[in-house]
Amino acid sequence: MTHVLKIEDLHVSVGDKPILRGVNLTINHGETHALMGPNGSGKSTLGLAIMGHPGYTVTGGSITLDGEDVLEMGPDIRARKGIFMAFQRPMAIPGVKMADFLRHATTNVRRPDRKEGEELIPMREFRKELKEKMAHLKMDVEFARRYVNDGFSGGEMKRAEILQLAMLQPKFAILDETDSGLDADAVRLASESIADIGHQKMGLLIITHHDKLLEHNPPEFTHVMLGGRLVETGGKELAEELHEKGYERIRTAYPDADAVNQEMLAEEAAV
Amino acid sequence: MATDITENEADEVGEINKYNFRTETTGVFKAKKGLDEEVVNQISDIKNEPDWMRQYRLESLKIFNERPMPKWGGAIDIDFQDIFYYLKPTAGQGKSWDDVPQEIKDTFEKLGIPEAERKFLSGVKAQFESEVIYGSLEEDLAKQGVLFTDTDTAVREHPEVLREYFGKIIPNNDNKFAALNSAVWSGGSFIYIPKGVHIEFPLQAYFRINAESMGQFERTLIIVDEGASVHYVEGCTAPMYSTESLHSAVVEVVVKRNARCRYTTIQNWANNIYNLVTKRAYAYGDATMEWVDGNLGSKLTMKYPAVHMMEPGARGEILSIAFSSAGQHQDAGAKLVHAAPNTTGQIVSKSISKNGGRSSYRGLVKVEPGAHNSKNSVVCDALILDPESRSDTYPYIEIAEQDVQIGHEASVSRIGEEQMFYLLSRGLSEQEASTMIVNGFIEPLVKELPMEYAVEMNRLIQLQMEGSVG
């Protein structure tokens, strides 16, 4: 069965401020989509709304996964149904070891019907897999014993997100600027890893400003967000064009969206 | 009085006496309700105590009657005449498994504590099968000159050592509850570690603490002689259930030059108990005293483990955690007194409040005149799980010297929406996520615990979070 994540006419507000103003996007399993756009256009908002962040209120439209209403589900259920988001700024959970956290998460996502208090994935099995995946990501074994994102460098956080992606094996993954804050080598490692994890087995939505990530993960579709709407969709040439020439052409072509975008950016700066 | 014991009950006394820890003179007996000289004399009679202890008890009773309620701490509402001050500690009399509240039974069950141990912990049975293990362990300790027994036995068998220190760190006129304990104390642990002896494994009172009718007024005295070290672990994570509403212990610790003592307690009281405890250590030259103190349950807990740093180079460290839920007030904290130069103190206090529970940190840092170059740091973190719960910090700082370093950091946080969302987005349920955050919060305490306690502690927190414990 081919899985489909479908977003229709999605409107999202933060507090009483509208951010997304009618987004339509369909991601089929195995497809890679790039989501680009200037700052303040609403890219992260789309990701967080798909994942079910309580601070983002859906005021209209729908999100469905294989026809099921995602908006009805809490974030934990979305995760168990196979949606994943690698965060731009993941939260630290002091005192909680990466390995313990990952064992819970992995168990729940692989056994979505698991009830509270039921056994986790057997320790040996889990450790073996975790070790393999960490070796693959060139992560020190010590990493599993550290507290979740606590005192991690920017690069370590991003790699930890990719490790979770590798362990949870979701149907759909949103990567929110997983390349930002990384040096060239780290970006290459990250992008290779993502490619390696196998986007053929997932649907990918890559939010990015850079082309490195897309080199290893060429998108079938590139979407440009401006002022809370997707104003253009193309192939990977569109991503290349935006990397080379910036957003000038887009801003000029969609003056109304650009005006909204500037307004949102100004409000964001004022906060 | 001892003569009240019927023939039938006397058999039971014989039964008890086979048990290694029991004092031979502790019979099956229940003093009348309330407190007066007669009751105190009865306790002394039953224990067949030397006259000095009897006089000490009677003097303490006078002090108790005269002293006002302490001002330091939470609100206490106790009718002192409505309490049994001495209860027979054994099976059969008026206490049966059926009388143990269901919530306590459920907790035992969920903690995975074996049947025999459950009955013991809830005071239904005094016997416990681990006596063999403890017997051989004590033989080993005895060879090194270590004294490890209950305090009643120590009064009889080691009077010279005991008398030198008993009531010296916490005198009977220290506070109303210290006076109360001094008048009616029973049970508790007595430990003496000779010079230079290091005990590698933690000494545990796990099975001993409840033997004396749940240790309602237990009295503990630990002396670590020069250059020696010990880790004493008292109590356990299982709920301590008592038919009485008042628990008031006194714990005195002497840590001599270059010695080291760590005292670990995790106490989980039933929700009707006033838990009013005085714990104090004197640390001498270059000695280290560490209190690791966890408090769960009870109606009101007032507990402020203290270290008085008496000579240069002494160190005092206190790590305390309190978890309060509906109808509970954990008034916990710590006291550090720098009474000599170059002394170092550290307090880490963490509290968790949920379902309308109230936690307070009440701490004293005191630098006495002459305690030059003392260093002290206090960190207290409060985690509040819902809007109904409450947390307060009452730090008292008295500094009589200039060249000292004193730091105080306090933080209060609610379980962050962002932390919660992060864990949920990885497929954890709200329950699992909040439990994980709380477990992370108390990790600094848990990692200091011996393995089996750490496991139980984590399980207990999970139960607390599920709301299935009281």
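The values are calculated or read from the model by the stated rules, or taken from the named source; none is laboratory data. Everything quoted here is computed from the prediction, not taken from an experiment. Neighbour counts run over all protein chains shown; Cβ positions are idealised from the backbone, glycine included. What goes into the accessible areas is simple: the full protein's heavy atoms, side chains included, and nothing from ligands, DNA or RNA. Shrake-Rupley method; radii C 1.70, N 1.55, O 1.52, S 1.80 Å.
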Charge dipole (the protein assembly as shown, unit charges on Cβ, about Cα centre) - positive-most of A:G30, A:T233, A:M157:
A:M157
Per-residue ³J(HN,Hα) for the stretch A:159-167, Karplus 6.51 cos²θ - 1.76 cosθ + 1.60, θ = phi - 60°, Hz, x for Gly and Pro:
5, 5, 5, 5, 4, 5, 4, 5, 6
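The stretch B:334-424: which GluC sites (Glu not before Pro) are DSSP loop and have at most 13 other beta-carbon atoms within 10 angstrom? Could the numbers behind the result be given before it?
Working: sites: B:E388, B:E398, B:E401, B:E409, B:E417, B:E418; in loops: B:E388, B:E401.
Taking the stretch B:334-424 and a limit of 13 other Cβ atoms within 10 Å, the loop GluC sites (Glu not before Pro) found are B:E388.
Take peptide A:28-35, look around each residue's Cβ out to 10 angstrom, count Cβ atoms belonging to other protein chains, and average those counts. The partial results should precede the final answer.
Numbers: counts 0, 0, 0, 0, 0, 0, 0, 0.
Neighbouring Cβ atoms belonging to other protein chains average 0 per residue here.
Test of understanding: what is the full-extension gain from A:T59 to A:N24, defined as 0.36 nm times their sequence separation minus their Cα-Cα distance? Don't skip to the end; give the middle numbers.
Working: separation 35, 0.36 × 35 = 12.60 nm, distance 1.45 nm.
Full extension of this stretch gives 11.2 nm more.
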Explain nothing, just the number: dipole magnitude of chain A about its Cα centre with +1 on each Lys and Arg Cβ and -1 on each Asp and Glu Cβ, in debye rounded to the nearest 20.
960
Leaving out same-chain residues fewer than 8 places away, which lysines sit with a Cα under 29 Å from that of A:K115?
A:K6, A:K81, A:K97, A:K128, A:K131, A:K133, A:K171, A:K201, B:K105, B:K110, B:K354, B:K447
Which parts of the stretch A:145-169 would a label at A:K201 reach, counting a residue when its backbone N lies under 18 Å from a point 7 Å out along Cα-to-Cβ?
A:161-169
Points 7 angstrom from Cα along the Cβ direction at A:D183 and B:M69: gap in nanometres?
6.5
Can you give the charge dipole size of the protein assembly as shown about its Cα centre, rounded to the nearest 20 debye, using +1 on the beta carbon of Lys and Arg and -1 on the beta carbon of Asp and Glu?
460
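Using the heavy atoms of the protein chains and a 1.4 angstrom probe, tell me the accessible area per residue for the protein assembly as shown in square angstrom. Before the final figure, lay out each step's value.
On the way: 29170 Å² over 741 residues.
Accessible surface, normalised per residue, equals 39 Å².
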Say each of B:R414 and B:E398 gets a label point 7 Å from the Cα, pointing the same way as Cα to Cβ; how far apart are those two points in nm?
3.8
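Evaluate the charge dipole of the stretch B:358-429 about its Cα centre and quote only its size in Debye, nearest 20, assuming +1 on the Cβ of each Lys and Arg and -1 on the Cβ of each Asp and Glu. Write out the running numbers ahead of the final one.
Values: 7 positive and 11 negative charges, 42 e Å.
The dipole of the stretch B:358-429 has a size of about 200 debye.
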Measure out, as a whole number of angstrom, how far apart the alpha-carbon centroids of the stretch A:229-250 and the stretch A:60-112 sit.
30
For the stretch B:133-203, which GluC sites (Glu not before Pro) are in a loop by DSSP, counting at most 15 other Cβ atoms within 10 Å?
B:E200
The set of residues whose placed amide H lies less than 5 Å from the amide H of B:A314, leaving out same-chain residues fewer than 5 positions away, is B:D286, B:A287, B:T344
Burial order of peptide ranges A:122-135, B:321-334, A:38-51 (average beta-carbon count within 10 Å, highest first):
B:321-334, A:38-51, A:122-135
Relative contact order of the stretch A:1-142 (C-alpha contacts under 8 Å, at least 6 apart) in percent is 20
Scalar couplings 3J(HN,Hα) for the stretch A:96-104 by Karplus 6.51 cos²θ - 1.76 cosθ + 1.60 (θ = phi - 60°), nearest whole Hz, x for Gly and Pro, are 9, 6, 3, 4, 5, 4, 5, 5, 4
Among rounded, prolate and oblate, which fits the stretch B:428-469 when a ≥ b ≥ c are the square roots of the eigenvalues of its C-alpha gyration tensor, a/c under 1.5 means rounded, and a/b larger than b/c means prolate?
oblate
Euclidean distance between Cα centres, the stretch A:140-185 to the stretch B:355-369, Å
39
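Rounded to a whole number, what % of the accessible area of the stretch B:324-380 do carbon and sulfur atoms account for, probe 1.4 Å? The partial results should precede the final answer.
On the way: 710 of 1460 Å².
Exposed carbon and sulfur together represent 49 percent of the surface.
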Mind giving me the nanometre distance, one decimal, between the label points for A:R110 and B:I78, set 7 Å out from Cα along Cα→Cβ?
5.3
What list of ³J(HN,Hα) couplings, whole Hz, do you get for the stretch A:181-189 from phi and the Karplus terms 6.51, -1.76, 1.60, once you set θ to phi - 60° and write x for glycine and proline?
x, 9, 7, 4, 5, 5, 4, 4, 4
List the residues whose amide H sits under 5 Å from the amide H of A:M85, counting only those 5 or more places along or on another chain, with H placed 1.01 Å from N in the peptide plane.
A:I174
For B:R414, distant residues with modelled amide H under 5 Å away:
B:I384
How much length is gained if the chain between B:D45 and B:K33 is pulled fully straight, taking 0.36 nm per residue apart and subtracting their Cα-Cα distance, in nm to one decimal?
2.6 nm
Take each of the peptides A:97-108, B:309-320, A:178-189, A:20-31, average the number of other beta-carbon atoms within 10 Å over its residues, and list them starting from the highest.
B:309-320, A:97-108, A:20-31, A:178-189
Give the average, rounded to an integer, of partner chain Cβ atoms located within 10 angstrom of each Cβ in A:73-83.
4
Inter-chain Cβ neighbour average for residues B:219-232, partner chain, 10 Å
0
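Rank-order A:231-240, B:283-292 by packing density, defined as the average count of other C-beta atoms within 10 Å over each peptide's residues, highest first.
Details: A:231-240: 16.2, B:283-292: 24.4.
The packing order, highest mean first, is B:283-292, A:231-240.
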Relative contact order (%) - criterion: Cα under 8 Å, at least six apart; region: chain A:
27
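Ignoring ligands, DNA and RNA, how much accessible area is buried between chains B and A, both sides summed, with a 1.4 Å probe, to the nearest 100 Å²?
Values: alone 18250 and 13170 Å², together 29170 Å².
When B and A are taken together, about 2200 Å² of accessible area is lost.
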A 1.4 Å probe over the protein heavy atoms gives chain A a carbon and sulfur accessible-area percentage of 50
Of all trypsin sites (Lys or Arg not before Pro) in the stretch B:423-470, the ones in DSSP coil with at most 11 other Cβ atoms within 10 Å are B:K447
Counting helices only, and only those DSSP H runs with n ≥ 4, report the 222 nm mean residue ellipticity of chain A as the sum of -39,500 (n - 2.57) divided by its residues, in deg cm²/dmol to the nearest 500.
-12500 deg cm²/dmol
